[in-house]
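The values are calculated or read from the model by the stated rules, or taken from the named source; none is laboratory data. It should be emphasised that the depicted structure is a prediction, and the values quoted were computed from it without experimental measurement. As a convention, Cβ positions derive from the backbone with ideal geometry for all residues, glycine included, and neighbour counts pool all protein chains shown.
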Amino acid sequence: MLNSVRARLTLWHTAVLAVLLGLFAAGAYLFVVRITRARTDAAVLDALSDLTSELAAEGAQQGTTRGAATDILRERRFRTSALAVFDCAGRTVASSLPRPRSAPGEDREPPLDMARLAAFAVAARGGAPRLVTVPDSEGGYRAAVVPLLLPDGCFVASAALSIHDEVETLDTARLALAAAIPVALLLSALGGWLLARRSLAPMIALRERAARIGATNLGERLPIANPADEVGRLATVFNALLARLERAFTQQRQFMADASHELRTPVAVVQHEVSLALSRSHRPAAEYEDALRVVRDAGRRLRRIVDDLFLLARADAGELRVHRGPLYLDEAIGSCVRELRSLAQRRGVSVRVEALPEAPFLGDEALLHRVVLNLLENAIKYAPPEASVSVRLLVEARGYRVEVEDTGSGIPAEAQPRIFERFFRADAARARDEGGPGGAGLGLAIARSIAEAHDGRLELARSGPTGSVFALTLPHAGEPA
Ligand code: ADP
């Protein structure tokens, strides 16, 4: 049960309310006790003060306190209070008479325990009135005593007020609180439970909907009743996550489809050539040689695609192995240009090196060589004959910038945002016809991964009808110390 948020919420809410109600009830009860007691004490002291004044006046008139006390108290009859005068030995000089019961149903309080009051009276010292409680089985009396040193002796005047009603009222209040608090808690727990259920209902709906979403229906989204509340915000975040997942899944699927498509062509070529070579028992050696050459080329293509895919997979997993070492970027560029000279000649494209200042760098020579080679190779491959390709290396404040520019016909505007995607080719048919070393549409994707692994960037700086410029930037941080 405690695994349910609803139950935990209800329990916490009820526990906190129980503590609060308990504290409030205790506080209120103590306050009432104090107020009632203060009121009773004031009444008792008033009565005592009246008695002493009367006693003083009557005593002065009669010349004897005993006689005055007897006269004053003889006719006094009270049901819930008692007045008495004692001598200092504790003997009763005079006391008011208890009032007889007036009605048959009227409560009768237990009588005041005079002996106990006398004992308190004797114990009273000093001139100030003292307040005491004379207890009995049903609450008792609140009494005030004051010693009187008069010419005809030592006396103690006392006034007592029954607190039976007061105790009974407080008992009833205690009982009422003890009964009301559990009922209030029960009602509040029930309300809390229903409220929690109502508030959590959208969460439960979300959970059920989310449980139904799988790889096949990633396009579904969670319903959002109020995007501004907590549940709505959670659902929004969840929907954004689903959208990202869906995009990743789609890319993954596309990637698989593209990869198998690219692999299928060389495999089909191998199969076809081998079947053809074996279809007749005897063929001239030259025919076998031709077939083997085609198979070797298809094998090379296959190998390149598989290697590229492997490299991309490592880059995706953040495991691209970058063996950094000191190198000179200018030398790496020079070596790429030399490597592609014969391809450029075949295609009738001129390659120009514009600026190549000394550029020491700390990086993976083989990988960076691959990036520059890919940019130059593309520039030569996709440019028309007679076009020219130029490469320059610039030393900037923040790092190096390698620019490869061609005077080709540019990349179509709609293809420009996609050229760094895997297996993307702006003109797939032409790229394959050229029979160039790339061709699968993985070159720029790999080149960008390599640039990023060196904390650099690779982007298409410009492309239009007059040609394209690719820019590779690398931070100086890669420099050898
Ligand atoms: P590929 O193996 O096809 O060369 P890349 O990833 O290197 O793959 O390039 C992706 C696509 O970008 C190419 O198919 C081509 O259409 C386009 N492209 C790249 N460089 C250039 C360039 N310099 N001029 C025109 N198009 C280019």
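Screening the candidates S158, S81, S96 for the property of being at pLDDT 90 or above, surrounded by 15 or more Cβ atoms within 10 Å (Cβ to Cβ), more than 60 Å from the chain's Cα centre (by Cα) and within 20 Å of D46 (Cβ to Cβ) yields one hit, S158.
In the range 418-438 there is no residue matching the filter, namely being farther than 18 Å from Y328 by Cβ, within 47 Å of the chain's Cα centre (by Cα), modelled with pLDDT under 95 and more than 9 Å from the ligand (Cβ to nearest atom). Scanning the range 406-417 for residues that are within 8 Å of the ligand (Cβ to nearest atom) and touching a strand residue (DSSP E or B) at 6+ places or on another chain (Cβ under 7 Å) returns D406, G408, G410, I411.
For the range 460-472, taking the residues that are hydroxyl-bearing (S, T, Y) and crowded, with 20+ Cβ neighbours inside 10 Å, the one that is farthest from D406 (Cα to Cα) is identified as S463.
The residues listed here are A471, A461; of these, the one that is at pLDDT 95 or above, within 13 Å of the ligand (Cβ to nearest atom), over 24 Å from E319 (Cβ atoms) and in contact with a Ser or Thr (Cβ under 9 Å, 6 or more places away or on another chain) is A461.
The single condition from (1) of a type outside the set (A, V, I, L, M); (2) near the ligand (Cβ under 9 Å from one of its atoms); (3) surrounded by fewer than 18 Cβ atoms within 10 Å (Cβ to Cβ); (4) closer than 24 Å to L368 by Cβ that R401 fails is (2). With respect to being under 55 Å from the mean Cα position of the chain (by Cα) and touching a residue at least 12 places away in the same chain (Cβ under 8 Å), G399 fits the description.
Per the listing A178, A173, A196, the residue uniquely part of a helix (DSSP H, G or I) and surrounded by fewer than 11 Cβ atoms within 10 Å (Cβ to Cβ) is A178. Taking the criterion of being hydroxyl-bearing (S, T, Y) and outside any loop (DSSP other than H, G, I, E, B), the residues of the range 455-474 that qualify are S463, S468, T473. Within the range 361-384, is there a residue that is in contact with a strand residue (DSSP E or B) (Cβ under 8 Å, 6 or more places away or on another chain), over 23 Å from L311 (Cα atoms), surrounded by fewer than 21 Cβ atoms within 10 Å (Cβ to Cβ) and among the hydrophobic types (A, V, I, L, M, F, W, C)? Within the range 361-384 (the criterion being in contact with a strand residue (DSSP E or B) (Cβ under 8 Å, 6 or more places away or on another chain), over 23 Å from L311 (Cα atoms), surrounded by fewer than 21 Cβ atoms within 10 Å (Cβ to Cβ) and among the hydrophobic types (A, V, I, L, M, F, W, C)), the answer is no, since none of the residues qualifies.
Figure legend. Inter-residue proximity from the range 273-290: first residues acidic (D, E), second residues surrounded by 10 or more Cβ atoms within 10 Å (Cβ to Cβ) and not in a loop (DSSP other than H, G, I, E, B), beta-carbon distance below 7 Å, spacing 6+ or different chains. Indicated pairs: E273/A291; E273/V294; E273/V295. Taking first residues from the range 206-232 that are without any contact (Cβ under 8 Å) to a residue 12 or more places away in the chain and farther than 19 Å from R247 by Cα and partners that are basic (K, R) and surrounded by 10 or more Cβ atoms within 10 Å (Cβ to Cβ), the Cβ contacts under 9 Å between residues at least 6 apart in sequence or on separate chains come to P227/R233. In the range 247-263, is there at least one residue being within 49 Å of the chain's Cα centre (by Cα), among the acidic types (D, E), assigned to a helix (DSSP H, G or I) and surrounded by 14 or more Cβ atoms within 10 Å (Cβ to Cβ)? Scanning the range 247-263 turns up at least one residue that is within 49 Å of the chain's Cα centre (by Cα), among the acidic types (D, E), assigned to a helix (DSSP H, G or I) and surrounded by 14 or more Cβ atoms within 10 Å (Cβ to Cβ). Going through (1) farther than 22 Å from G439 by Cβ; (2) in contact (Cβ under 8 Å) with a residue 24 or more places away in the chain one by one, E331 falls short only on (2). In this structure, does R39 turn out to be out of contact with any strand residue (DSSP E or B) (no Cβ under 7 Å at 6 or more places or on another chain) and either within 28 Å of L170 (Cα to Cα) or part of a helix (DSSP H, G or I) (or both)? Answer is yes for this residue. Examine the range 309-325 for a residue that is touching a His at 6+ places or on another chain (Cβ under 6 Å) and over 30 Å from G214 (Cα atoms), and state whether such a residue exists. For the range 309-325, residues touching a His at 6+ places or on another chain (Cβ under 6 Å) and over 30 Å from G214 (Cα atoms): absent. Scan the range 116-151 for residues that are part of a loop (DSSP other than H, G, I, E, B), more than 26 Å from G59 (Cα to Cα) and either touching an Asp or Glu at 6+ places or on another chain (Cβ under 9 Å) or of a type outside the set (S, T, Y) (or both) and the total you get is 5. Across the range 348-401, the qualifying residues are those that are in contact with a Phe, Trp or Tyr (Cβ under 8 Å, 6 or more places away or on another chain) and part of a strand (DSSP E or B), and the one among them that is farthest from A440 (Cα to Cα) is P360.
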